[in-house]
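Q: Take a look at this one; I'll ask things after.
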Amino acid sequence: MFEASSGSKVEIIKAGSGELLNRLTAESSKAVADVLWSVDGTVVDFNPKLFTAYDPAGSDALAPGMRSSKMWSPFTAVVMTLIVNKDKLDRKPVPTGWKDLGDPQYKGLVSSARADKSGSAFIQFATVLQAFGDEKSGWKVYEGMLGNMVLYRVSSVMVNSR
């Protein structure tokens, strides 16, 4: 329908945002993509050399606080949740935040997708790096989380219970 009405040929490449970002990086000297859809804005903000700012018509109608960057326009709000299977905790306290997930008592109990393959996992990674005052402190928390993680998968859809 779009191709017929616009005369523009469209090739859709369906992949995880991490895979798409890796491809954009590899092809950056001979860019062939015009639009990257359905990826969190932090991916764009952390890779400004791969993208050009775009201000679509109607973006002035976005709710205050929804647009945090001039590089991208939100198409949705992202919500992160921490889901805990209390049966697996063996009387350990329920973790309530990122820092808790890096506590050694949770070794082998934290499940996550790979941040280089999953947009959701990348958002979590970027959030942790920014949430603790400075990037160095964020890295310390994230490294603790990595030490406790199991089930690295290529997509957050694949993260399952253990």
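Q: Using amide H atoms built 1.01 Å from N in the peptide plane, name the residues 5+ places from Ser111, or on other chains, whose amide H lies under 5 Å from its own.
A: For Ser111, whose amide H was placed from the backbone, the distant partners under 5 Å are Val150.
Q: Additional query: Counting other Cβ atoms within 10 Å, keep those with at most 15, restrict to DSSP loop, and tell me which trypsin sites (Lys or Arg not before Pro) in region 81-144 are left.
A: In loop regions of region 81-144 (DSSP not H, G, I, E or B), the sparsely surrounded trypsin sites (Lys or Arg not before Pro) are Arg91, Lys107.
Q: Per DSSP H run of n ≥ 4, the term is -39500 (n - 2.57); total these for the chain, divide by its residue number, and report the mean residue ellipticity at 222 nm rounded to 500 deg cm²/dmol.
A: -8500 deg cm²/dmol
Q: Here is a further query. Between Val43, Val84, Val128, where does the largest GNM mean-square fluctuation fall for the chain, given springs only between Cα atoms within less than 10 Å?
A: Fluctuation is largest for Val84.
Q: What longest range of the chain stays clear of loop-exposed GluC sites (Glu not before Pro) (DSSP non-H/G/I/E/B, at most 15 other C-beta within 10 angstrom)?
A: 28-162
Q: Let me ask you something else. Let me see the P(r) profile for the chain: every Cα-Cα distance counted, bins of 5 Å, each bin given as a percent of all pairs.
A: Bin by bin from 0 Å, the calculated values are 1, 7, 14, 17, 17, 15, 11, 7, 4, 3, 1, 0, 0.
Q: Give me Rg over Rh for region 2-61, both radii from the alpha carbons and Rh done the Kirkwood way, two decimal places.
A: Rg/Rh for region 2-61 comes to 0.99.
Q: Report the FRET efficiency, 1/(1 + (r/R0)^6), for Ala4 and Asp116, where r is their Cβ-Cβ distance and R0 is 45 Å, rounded to 0.05.
A: That gives a FRET efficiency of 0.75.
Q: Quick check on region 86-158: what are the equivalent-ellipsoid semi-axes from the Cα gyration tensor, as sqrt(5λ), descending, whole Å?
A: That gives 19, 17, 9 Å for the three semi-axes.
Q: Another question about this same structure. Taking the chain as a Gaussian network, where each spring joins two C-alpha atoms under 10 Å apart, which residue of Asp100, Asp116, Asp87 fluctuates the most?
A: Highest fluctuation among the options: Asp87.
Values in this text are rule-based calculations from the coordinates and carry no lab data. Note that the structure is predicted; figures quoted are calculated from it, not measured. Using ideal geometry, Cβ is built from the backbone for each residue, glycine included, and neighbour counts are taken over all protein chains shown.
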